[in-house]
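First up is the structure itself, then whatever we jot down about it.
None of the figures in this text is laboratory data; all of them are computed from the coordinates on show. The structure displayed is predicted, hence computed values, not measured ones. Cβ coordinates were reconstructed from backbone atoms using ideal geometry, including for glycine residues, and neighbour counts include every protein chain displayed.
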């Protein structure tokens with residue numbers, strides 16, 4: 001199921017968006033684009049939560065995943081390369097924790113955090129792409145998960161999506 005095919009089903013999808021304030025010049029645009037894309041898909045944004053930086057996301061993601069009015073969490077942030085490998089450490093830690101939380105709570109958490117290894121110009125060029133992909137993936141995963149829970153395979157292959 002593609003997002004363009006899922007527009008009529010998306011109104012029942014409830015999202016929380018967790019956005020980093022670090023590199024605000026980038027992340028404010030990412031948030032605007034995520035809200036725009038959610039509206040295009042007719043997905044409801046129940047919460048927008050701002051955190052100081054991408055590294056600070058996991059605790060708020062966990063809080064959102066516990067809520068009954070959240071089906072998926074969209075993360076937004078921009079990790080720009082500096083003079084050290086700090087960007088790689090942060091990006092890796094976030095990605096691992098996001099996967100763990102998604103599996104623990106059995107709800108999608110999408111990675112809309114650009115980086116590591118990106119220059120400011122590269123991050124700026126992705127301000128629309130990352131939120132669009134993150135919202136699309138959240139909606140598609142909620143719908144596919146619902147479909148997988150509803151259907152049963154009777155000695156044949158069940159294809160979801």
Distribution output for the chain: share of Cα-Cα pairs per 5 Å bin in percent, first bin at 0, values 2, 10, 19, 21, 19, 14, 8, 4, 2, 1, 0, 0
Rounded to the nearest 10 degrees, the helix 129-150 long axis (Cα) sits at an angle to the longest Cα principal axis of the chain of 30 degrees
For the chain, longest principal axis from Cα atoms; helix 24-41 axis from its Cα atoms; angle between them, nearest 10 degrees, is 20 degrees
Quick calc, residue 12 & residue 96: beta-carbon distance into FRET formula, R0 30 Å, rounding 0.05, result 0.50
